[in-house]
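Asks: Here you go, one structure.
Since every read-out is calculated from the coordinates, none of them should be taken as a lab result. As the structure is a prediction and not an experimental result, all values here were calculated from the model. Glycine also receives a Cβ, built like all others from the backbone with ideal geometry; neighbour counts cover every protein chain displayed.
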Amino acid sequence: MPRTIKLWLLLLNLASRAIVIGDNETIGYIGEFNAGVIKGLKLPDFASGFELSLSHLIGKSSSTPIYTKMSKSIRRSRYLLQS
């Protein structure tokens, strides 16, 4: 894992962070900031962040969009969450 990603992972809450992997390669991270970062930067109580290496993503997308239709139950749940 690149050193910069390791350093950024230290800023994130251990219980709510994830490493983003593409083509068996680490390309970024996502998660909630830990309490020290939130306090130090005067962020809202629950703040999240992410970083992706765009250089790993450029040129890897297919020219044909891929779309998987959601089932009715997932769409219904999504609607209830947004309401």
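Asks: Suppose each label sits 7 Å from its Cα in the direction of the beta carbon; what would the K60-L41 distance come out to in nanometres?
Replies: For the pair K60/L41, the computed spacing is 2.4 nm.
Asks: Put +1 on the Cβ of every Lys and Arg and -1 on every Asp and Glu Cβ in segment 1-58; which of A35, L7, S55 then has its Cα farthest towards the positive end of the dipole?
Replies: Farthest along the dipole direction, towards plus: A35.
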